[in-house]
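Data block below; observations after.
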Amino acid sequence: MSHLVALIQNENMKIYRRNSARVMLFILLGLVLAAGLIIKFNTPEPKPDQNWKQQLQQDNRALQQQMSQVKGSTSARNYLKSTIAVNQYRIDHNLAPARGETLWKFVEDVASNTVTVISIFTIIVVATSIASEFDTGTIKLLLIRPIYRTEVLLSKYIAALLFAVFSLIVLFLFSWLLGGILFGFGGATEVHLSYVDGAVRETSWTLAIWKIYLLNGVSLFMMVTLAGAIAALFRNGGLAIGLAIFLMMGSSIFVQLLSSYDWVKYVLFANMDLTQYTTGLQLRDDMSLGFSLAVLAVYYVIFVIFGWLFYTKRDIKA
Amino acid sequence: MTNDAEIRKNIAVKLEHVTKRIGRKTIIDDLSFEIYGGEVFGFLGPNGAGKTTTIRMIVGLMRMTKGNIFIQGHSVKTEFKQAMRQVGAIVENPEMYKFLTGYQNLLHYARMIPGIGKERIHEVIKRVGLEERIHEKVKRYSLGMRQRLGVAQAMLHRPSVLILDEPTNGLDPQGIHDLRNDLHRLAREEGVAVIVSSHLLSEMELMCDRIGIIQNGQLLGVETVSDFVQNGGGKVRFSVDDGTSAAQVLKQNLAIEASSIKPDAIEVTVEHDKIPVIVDALVGSKVKIYGVVSVTQSLEERFLEVTGGKALVSFGRIDPE
């Protein structure tokens, strides 16, 4: 096991010493910075609203009415129910909703939109790591060491996932810092309200953000594994990157097109977005979190077996 | 070689009926031979003969369809790690990570084998003479420097079997000379089995103790370089003022037929002790002699003879003569 650590060290060196790693990091930080500046200078400073309680009560009445009209979809009802409950909680506990952008709201906006970018970058990293050594010929000097190919492949996979974790941490810290600078660090103590199992709870924003990261991270994890498997299968980085990004971007369209069919629930992309279970906006009523996790696990095992077989069993002709 | 018998005892690499088929095509056909510790073994063959495929099977990059390969007694198939611990290699070109420095490249390979420290890395860098530019990125290296870095990574873990595919490629004459001495030293002093493949046959002649010739995936034979070259027989060239009359003298006086006659020289295949007799006869007939040279057949000529001359395409620089 100890040499697995050394192998991961090697892969890290090969990821971060490339110029592309630096470029990706700059793009990521640049996007966050641009988003922050646009929000800061394009939204007018809101005035504090003294009548927010009446406003929320009014909102709730409207939502209640909507709920009585929606009959079929439980997911839509769940969504309305949670919004009403959170509003009521605010009224009861005298917690005025934040107006305009705050530190945490910015971090949240960044989190839900930028994880896709990190997914794309990690797909590039994993595909490059696995396939480029066949193009450059370095694979020959890599695989003649007293190390099994399985260990080499595993170290590449782990190093790519570590890259994703590292990027998420950088993203979190940078967006928090930028949010504080642009919108004031005063918002840092704000509580986060979430609706869990029929009750509203006060939770920390940090936890809430990492929950978003984690839920989005599932799709990242699956797509990175798929890209790695394609790279190992065809030994072609460009193909793996292109195909994986195309599938990831196109997935929501495919799923929408197929959503009327029964079997859509077994499609990988229908199950990858786990946020559907937290917002209550799930694709089909006969799907649940457990179901999706089981489907994902099956796909995962298939990807890993195919990638592993083709990486370890085929001759090296590069 | 002084203690031939002793060296032969130590079998470093053993190929047993190695066969490789891809589809219906047989690339390597029932190859069996042994390479001993302490010798430099040359692997010869025209392009596409199966040299690289054989080397790839020895280092585990390709699987064999039949047969087995043992490195220091460890099967490449079933004891991959023990077998590979003993091997250092360059397969075809020394392709390194260009975006890393030479040092980072060596560090990368050192990490893959336990017990290789920074001292060993520096030792190897010094040995291949890359001290001054080791912290530069490999993309700025010349082909010769890359070749030396390739040799460095192959020697890093003190392997007992060193496999170098075309090692002189890109080296300047001084570099070739140094490499040759280094390989001999590794073989003689440290008992390493060195396997070299090269298209530069004259280079092979100076570098190797034994050579194995492979063609169309089959082994044509393994011989020591001295046997290989001498099997051609002793040919002697006499530089004279008039080739035609010299040839006539030999025919009439000694009944010896010249194998080639030119205006300024003749070539004769004779035993060693006949040379003074010929000189006497020529001088007696007033033929002026400017030189007497023993012409050993070069490895290249012999190689073409053995492989039936079919290799011509793969050697660009053969004199038409």
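Of note:
- Within the stretch A:137-148, being assigned to a helix (DSSP H, G or I) and in contact with a Phe, Trp or Tyr (Cβ under 8 Å, 6 or more places away or on another chain) holds for A:Thr138, A:Leu141.
- Positions within the stretch B:40-97 being touching a helix residue (DSSP H, G or I) at 6+ places or on another chain (Cβ under 6 Å) and among the acidic types (Asp, Glu), in sequence order: B:Glu95
- For the stretch B:84-131, residues that are more than 7 Å from chain A (Cβ to nearest Cβ), within 27 Å of B:Ile69 (Cβ to Cβ) and among the small types (Gly, Ala, Ser) total 3.
- The single condition from (1) open to solvent by 10 Å² or more (accessible area, probe 1.4 Å); (2) in contact (Cβ under 8 Å) with a residue 40 or more places away in the chain; (3) over 21 Å from B:Gln72 (Cβ atoms) that B:Glu203 fails is (2).
- A single entry from B:Ile134, B:Ile90 fulfils the requirement of being among the β-branched types (Val, Ile, Thr), modelled with pLDDT of 90 or more and more than 18 Å from B:Cys208 (Cα to Cα): B:Ile134.
- Here A:Leu143 fits the description: of a type in the set (A, V, I, L, M), surrounded by fewer than 23 Cβ atoms within 10 Å (Cβ to Cβ) and within 14 Å of chain B (Cβ to nearest Cβ).
- Within the stretch B:156-179, the set of residues being touching a residue at least 24 places away in the same chain (Cβ under 8 Å), surrounded by fewer than 21 Cβ atoms within 10 Å (Cβ to Cβ) and in a helix (DSSP H, G or I) comprises B:Gly175, B:Ile176, B:Asp178.
- Residues in the stretch A:192-211 that are part of a helix (DSSP H, G or I) and open to solvent by less than 30 Å² (accessible area, probe 1.4 Å): A:Trp205, A:Ala208, A:Ile209.
- Residue check for B:Glu34: within 14 Å of chain A (Cβ to nearest Cβ), open to solvent by less than 60 Å² (accessible area, probe 1.4 Å) and within 25 Å of B:Asn181 (Cα to Cα): no
- In the set (1) assigned to a loop (DSSP other than H, G, I, E, B); (2) at pLDDT 90 or above; (3) surrounded by fewer than 21 Cβ atoms within 10 Å (Cβ to Cβ); (4) not charged (D, E, K, R), the condition left unmet by B:Tyr97 is number (3).
- Residue in the stretch A:119-136 that is farther than 30 Å from A:Ile8 by Cα, hydrophobic (A, V, I, L, M, F, W, C), surrounded by 13 or more Cβ atoms within 10 Å (Cβ to Cβ) and within 32 Å of the chain's Cα centre (by Cα) present: no
- Between B:Val87, B:Val76, the distinction of being under 21 Å from B:Glu166 (Cα atoms) and touching a strand residue (DSSP E or B) at 6+ places or on another chain (Cβ under 6 Å) belongs to B:Val87 only.
- Considering the stretch B:70-83, the residues that are away from chain A (no Cβ under 13 Å) and assigned to a strand (DSSP E or B) include one that is most open to solvent (accessible area, probe 1.4 Å), namely B:Phe70.
- Filter result (within 14 Å of chain B (Cβ to nearest Cβ) and either open to solvent by less than 60 Å² (accessible area, probe 1.4 Å) or in contact with a Leu (Cβ under 7 Å, 6 or more places away or on another chain) (or both)) within the stretch A:19-44: A:Ser20, A:Ala21
- Counting only residues that are buried (at least 21 other Cβ atoms within 10 Å of the Cβ) and in contact with a Phe, Trp or Tyr (Cβ under 8 Å, 6 or more places away or on another chain), the stretch B:139-155 holds 2 of them.
- Some residue of the stretch A:247-266 being among the acidic types (Asp, Glu), under 24 Å from A:Asp109 (Cα atoms) and open to solvent by 50 Å² or more (accessible area, probe 1.4 Å): no
The values are calculated or read from the model by the stated rules, or taken from the named source; none is laboratory data. None of the values given here were measured: they were computed from a predicted structure. Note that we place each Cβ from the backbone using ideal geometry, even for glycine, and neighbour counts take in every protein chain shown. When the accessible area is computed, the model is the full protein with side chains, heavy atoms only, and any ligands, DNA or RNA have been set aside. Shrake-Rupley method; radii C 1.70, N 1.55, O 1.52, S 1.80 Å.
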